[in-house]
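Inspection log for the structure reproduced underneath, given as structure tokens.
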Amino acid sequence: MVTVIGIAGGSASGKTTVACKLIEASKKWGKVVYLRFDDYYKDLSHLDLEERRKVNFDHPSSVDMDLLYTHLLALKNGESINKPTYDFVNYNRGTEYELIEPGNVIILEGIFTLVDERIRDMCDIKLFVDIDPDIRFIRRLTRDMKERGRSVDSIIKQYMDTVRPMYLQFIEPSKRYADIIIPKGGFNQIAIDMVLAKISSIFKENVL
């Protein structure tokens, strides 16, 4: 029995915080596998750095959905995968792959988790982390400056050109597919406890 938990939400909404809390709490049900959509951005080695910077990474087409679906299916069938990695500084897939062994719980996190129907249908529990847009923007600005070495101007331009429009076109509408909406981001412990109770009930049902 493998349970897949899908975590969606806008950029810098607190998805990773939710994922980390669920990973820690889910260990009592066995091995936990953590997959991020970020690692499945398409290989853009055929483009130079300047061209890669112009790619709309906030559009679902930027992600290799076929590979992610194949990997999810393999893990659910008890098979190992070689997961790609992503280099945010060079806007391209990393050169190293990570061997991921199958587990009892798979936590899938990313802005497009509920956008693609095939992947959405593989999730036993679908979550959407919701928080005010202005807070998400401030978090993204701070993160991209500190962790990805980007300038304020480039972050603001990307937010206005692609992040916000793509959120309104793809991410926000996908919220209707969520089983549980987590307001106030990743520090909503009441919502986290609800999710853990749901996971527990799924495992109990499959034991009986």
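Throughout, read-outs are computed from the coordinates displayed, never taken from laboratory work. Keep in mind that what you see is a predicted model, and the values were worked out from it rather than measured. Virtual Cβ from ideal backbone geometry, glycine too; neighbours counted across all protein chains shown.
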Quiz prompt | Neighbour net charge for Pro84 - beta-carbon separation under 9 angstrom, K R +1, D E -1 | solution = -3
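So which of Lys54/Lys175; Lys83/Lys184; Lys15/Lys175; Lys83/Lys175; Lys54/Lys146 end up more than 25 Å apart by C-alpha?
Values: Lys54/Lys175 27 Å; Lys83/Lys184 31 Å; Lys15/Lys175 13 Å; Lys83/Lys175 27 Å; Lys54/Lys146 21 Å.
Among Lys54/Lys175; Lys83/Lys184; Lys15/Lys175; Lys83/Lys175; Lys54/Lys146, the Cα-Cα distance tops 25 Å for Lys54/Lys175; Lys83/Lys184; Lys83/Lys175.
Could you give the dipole magnitude of the chain about its Cα centre, charging the beta-carbon of Lys and Arg +1 and that of Asp and Glu -1, in debye to the nearest 20?
Once rounded to the nearest 20, the dipole reads 560 debye.
Count charges around Cys123 for me, please; just the other residues with Cβ under 13 Å from its Cβ, Lys/Arg as +1, Asp/Glu as -1.
Values: positive: Lys76, Arg118, Arg120, Lys126, Lys198; negative: Glu109, Asp116, Glu117, Asp121, Asp124, Asp179.
Net of charged neighbours comes to -1.
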Quiz item: Once every DSSP H run of n ≥ 4 in the chain is given -39500 (n - 2.57) and the sum is divided by its residues, what mean residue ellipticity at 222 nm do you get, rounded to the nearest 500 deg cm²/dmol?
Solution: -11000 deg cm²/dmol
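Can you tell me which of 113-120, 24-31, 163-170 comes out highest on packing, and rank the rest after it, using the mean Cβ neighbours within 10 Å?
Details: 113-120: 19.2, 24-31: 14.8, 163-170: 17.4.
Ranking, from highest mean packing down: 113-120, 163-170, 24-31.
Which order results if Leu141, Leu108 are arranged by neighbouring Cβ count within 10 Å, fewest first?
Working: Leu141 16, Leu108 25.
If I rank by nearby Cβ atoms, fewest first, I get Leu141, Leu108.
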Quiz prompt | Net +/- balance of residues flanking Glu101 in space, Cβ distance below 15 Å, scoring K and R +1, D and E -1 | solution = +2
Quiz item: Which number do you get for Rg(Cα) / (2.2 N^0.38 Å) in region 10-120?
Solution: 1.10
